[in-house]
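> Got a structure for you, written out below as structure tokens; questions coming shortly.
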């Protein structure tokens, strides 16, 4: 049980650290670096402590019930493969934090950096620990969002903004494809559990949708791991700070794609479709990335394309799909993370101390930065596959796998040649990096005088290079145990015998490796001058960049096409927009109801005629029609008539035995009326009826609107009446009536549904309400009423201002007196809601009305000097209370938002019903008060600003007349 809880802690720890980092301070580098380092170290420690649980190839699982009825639960699992990845995530993350402390400038907002870095770590940890494919995709997309924040960290730079946007679009679109693939796989298997899907490979491959699954799955993984033709986002992400590049492109972001391919290769791979697509794209990406890297002048650009090449190598191994290829892929994932993280950090040191990353300006740093030179040379040699270094062992395994016979066709025959040429280019760009930057005469035109960095900034590179040397020289004592548990968890009983010996004899893979190293050195030395003097990239591909294709597609899809659609369908007139919406809804309803046997009431069900009810509806119809007619001439009268129609709706609910709806409708009518009253001053001045031909057009439009309104209204009325008068044997309403008290502990069925049976829906709704409230507030903060607007409500109403002020004096006093009774009424509605009409929403709206009456009765500044509301805190507190109530069920092993109810004895009162749903309802109450008051206070402030602006204009006009 303790180990299972550690999985939850491991997932939540980085997110908690991110929140804490954002609250420490904007420029508290030391405190935030210490916090991030402690989180990484704690994660690394927890990961190491879980080794005994997965040492034999097993998996540790922890499950939290979410929606058990459909098999959707929060499942966390760890096995050897994800355990190895967690070592990389937290181990390299710890080194990156130490490095970033000295890399970042004191002027950089360190809170945002370390907060985003920890949030990204949490997202990557979630991907690795997800035991449910839906959870996995959620965390997968979260890595795209948090990496967007990291890449755009220096958002004042155009390149950072463009690179972040590009990475988010490409990887986010791939994530949607991956989501569809996972949904289809879950549908085919009958479960979204990772273990069950991995065990159902034969069932998936035999299904007719297997090609669709493979294509969508690979679109998701290829975009994340920067495989051709989706590779272009990764070089553009180099605008991020070097610690970000080192972390994202060595152990986390881009490795997520190859992690998923290797994880699922034994299950859904092994077919010709998988082999040709994954193996072919991987081999081409390896060759393409290595070739382009040779010609890049930017240090990080060279390393970016080398990352693309090595990711292609791992992808190709996953495409081959044999047990030995999977072993080589897992081994190279670890080796690449080690030497690539060290190389990015070394490039950052050079940029930090010399002031540039342009290799055309760098030269002779070997004498000025000897330690950095030695570390960079060793890491670059490991990347090139030099013997006695980590990269040599896994690359030799890769070369051996290309010699295996998979299909026997020309593609299979070309694999060793492509692998050798790609390795040749890899050796060439590694040699170019060392020779160009560290050899030759000392550079004289650098922005800074190069020197060695602080030792703690260089320490992470030293640790990683030491690991690369140790793995290359002593693999059995370093990487072998880690590799064993990772391979066992992926292949299980199919794990082959493999050797980590430093020398396997003079075989073909060794000869291929020697040819690549020697050929790469000759290639660079013979073409050194054209490479150094050429453009930033291969000349033959300079005009065929994938980025240009992306930019053109983005221009067409995000600008030209929407503009054409906007020109065809859009209009600035609100009436026209509403007409389109209503007509689409009407036609959609008509299409869906076409062919229904009847829409008329069931003749067998008696529908008696009630004169009082008919009179009520007649009054409501008259109010609605009169409101529509008066809206053209007298807006205040239209608002009053609209309120009359609303009151008729309230009475209808009451007559039809729906008191909860009646109470809610009444309260919402009051709030809506106040909103409209406050907004009247911003409406344009009324226009006189247009004479001539325009009057005929106006009448025709009004007749058309009347016909549409009558058709929609009659249609909705018929559907409602048909449903209400039908007489089915069993309905879901009967189930709620039978189980509301026994299961939810309340006699008010409506409230029990909202806060118990369908509490998750309610939680989503109040979240949306919070977002709407904050959005309205944000928009109104920047809104300035136009001067041509009506300005004062008296101009809308047609009453003299002095008469209006005198007339409002007595109501204002009454509204102030009503504040205390309204608070009591709100409490009454809240506490009775579980058994009688009321509840958190109705109580929240009631209390909001009490606040609003004070704003109407008094001056905004006067009331705010005596009454502090702070609605944003009410919103936040409401969300926290509602979420905490739901998560509290987890402590007792129940699904989220599971409620508990019982009767408790209260002294001098007796037995009182008590339910945890009351706490959830409290969250609803707090959020409704906060959101409603926030919006209306914002409108009140704008009204005050509008009035002041008009008073200033009037005073200025009077002064001008006097002058």
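> Going by what's in this entry, would residue 282 be described as surrounded by 24 or more Cβ atoms within 10 Å (Cβ to Cβ) and within 19 Å of residue 244 (Cα to Cα)? Break it down stepwise before answering.
Details: surrounded by 24 or more Cβ atoms within 10 Å (Cβ to Cβ): yes; within 19 Å of residue 244 (Cα to Cα): no.
Considered against the rule, which asks whether it is surrounded by 24 or more Cβ atoms within 10 Å (Cβ to Cβ) and within 19 Å of residue 244 (Cα to Cα), residue 282 comes out as no.
> Assigned to a helix (DSSP H, G or I), touching a helix residue (DSSP H, G or I) at 6+ places or on another chain (Cβ under 9 Å), at pLDDT below 75 and closer than 30 Å to residue 833 by Cβ - does that describe any residue in the range 943-960?
Within the range 943-960, not a single residue is assigned to a helix (DSSP H, G or I), touching a helix residue (DSSP H, G or I) at 6+ places or on another chain (Cβ under 9 Å), at pLDDT below 75 and closer than 30 Å to residue 833 by Cβ.
> One residue is enough: does the range 499-506 have a residue meeting the conditions at pLDDT below 90, within 16 Å of residue 332 (Cβ to Cβ), assigned to a loop (DSSP other than H, G, I, E, B) and in the same structural domain as residue 388 (by TED's automatic domain parsing)?
Among the residues of the range 499-506, at least one is at pLDDT below 90, within 16 Å of residue 332 (Cβ to Cβ), assigned to a loop (DSSP other than H, G, I, E, B) and in the same structural domain as residue 388 (by TED's automatic domain parsing), which makes the answer yes.
> Tally time: how many residues in the range 104-153 are under 24 Å from residue 236 (Cβ atoms) and in a loop (DSSP other than H, G, I, E, B)?
6
> Separate question: Within the group 131, 163, which residue is farther than 22 Å from residue 246 by Cα and crowded, with 22+ Cβ neighbours inside 10 Å?
131
> Taking the conditions exactly as written (modelled with pLDDT of 80 or more, within 18 Å of residue 919 (Cα to Cα) and part of a helix (DSSP H, G or I)), does residue 896 satisfy them or not?
Against the criterion (modelled with pLDDT of 80 or more, within 18 Å of residue 919 (Cα to Cα) and part of a helix (DSSP H, G or I)), residue 896 does not qualify.
> Return the residues of the range 322-336 that are over 17 Å from residue 383 (Cα atoms) and buried (at least 24 other Cβ atoms within 10 Å of the Cβ); say none if nothing qualifies.
325, 326, 327
> Hey, another quick one. Going residue by residue through the range 803-826, is there one that turns out to be modelled with pLDDT of 85 or more, under 40 Å from the mean Cα position of the chain (by Cα) and part of a helix (DSSP H, G or I)?
yes
> Kindly evaluate residue 88 against the criterion of being in contact with a helix residue (DSSP H, G or I) (Cβ under 9 Å, 6 or more places away or on another chain), outside the structural domain of residue 896 (by TED's automatic domain parsing) and under 28 Å from residue 896 (Cα atoms).
For residue 88, the condition - in contact with a helix residue (DSSP H, G or I) (Cβ under 9 Å, 6 or more places away or on another chain), outside the structural domain of residue 896 (by TED's automatic domain parsing) and under 28 Å from residue 896 (Cα atoms) - is not met.
> Has the range 206-223 got any residue that is in a loop (DSSP other than H, G, I, E, B) and in contact (Cβ under 8 Å) with a residue 60 or more places away in the chain?
As a first pass, look at the range 206-223 and keep what is in a loop (DSSP other than H, G, I, E, B): 206-209.
Within this subset, residues satisfying the condition of being in contact (Cβ under 8 Å) with a residue 60 or more places away in the chain are none.
No, there is no match, as no residue in the range 206-223 is in a loop (DSSP other than H, G, I, E, B) and in contact (Cβ under 8 Å) with a residue 60 or more places away in the chain.
> Let me ask something else. Check the range 529-549 and report whether any residue there is in a loop (DSSP other than H, G, I, E, B), at pLDDT 85 or above and surrounded by 13 or more Cβ atoms within 10 Å (Cβ to Cβ).
The answer is no, given that none of the residues of the range 529-549 is in a loop (DSSP other than H, G, I, E, B), at pLDDT 85 or above and surrounded by 13 or more Cβ atoms within 10 Å (Cβ to Cβ).
> Among the residues of the range 373-382, what is the count of those that are in contact (Cβ under 8 Å) with a residue 60 or more places away in the chain, closer than 23 Å to residue 241 by Cα and buried (at least 24 other Cβ atoms within 10 Å of the Cβ)?
Selection size over the range 373-382: 2.
> Taking the options 139, 148, 120, name whichever one is at pLDDT 90 or above and either assigned by TED's automatic domain parsing to the domain that holds residue 341 or surrounded by 24 or more Cβ atoms within 10 Å (Cβ to Cβ) (or both).
120
> For the range 460-483, give me each residue that is surrounded by fewer than 19 Cβ atoms within 10 Å (Cβ to Cβ) and over 18 Å from residue 381 (Cβ atoms).
476, 477, 480, 481
> Take the residues in the range 752-766 that are touching a residue at least 40 places away in the same chain (Cβ under 8 Å) and touching a helix residue (DSSP H, G or I) at 6+ places or on another chain (Cβ under 7 Å), then tell me which one is nearest to residue 899 (Cα to Cα).
Filtering the range 752-766 for residues that are touching a residue at least 40 places away in the same chain (Cβ under 8 Å) and touching a helix residue (DSSP H, G or I) at 6+ places or on another chain (Cβ under 7 Å), the one nearest to residue 899 (Cα to Cα) comes out as 756.
> Could you tell me which residue of the range 605-634 is farthest from residue 722 (Cα to Cα), considering only residues that are within 49 Å of the chain's Cα centre (by Cα) and at pLDDT below 70?
Only one residue tops the list, namely 633.
> Now a separate question. Take the conditions buried (at least 19 other Cβ atoms within 10 Å of the Cβ) and farther than 17 Å from residue 99 by Cα and apply them to residue 359. Does it pass? Steps first, answer last, please.
Working: buried (at least 19 other Cβ atoms within 10 Å of the Cβ): yes; farther than 17 Å from residue 99 by Cα: yes.
So residue 359 fits the description; yes.
The values are calculated or read from the model by the stated rules, or taken from the named source; none is laboratory data. Predicted model only: the values in this text are computed from it and were never measured. For neighbour counting, all protein chains shown are included, and Cβ atoms are generated from backbone atoms with ideal geometry for every residue, glycine included.
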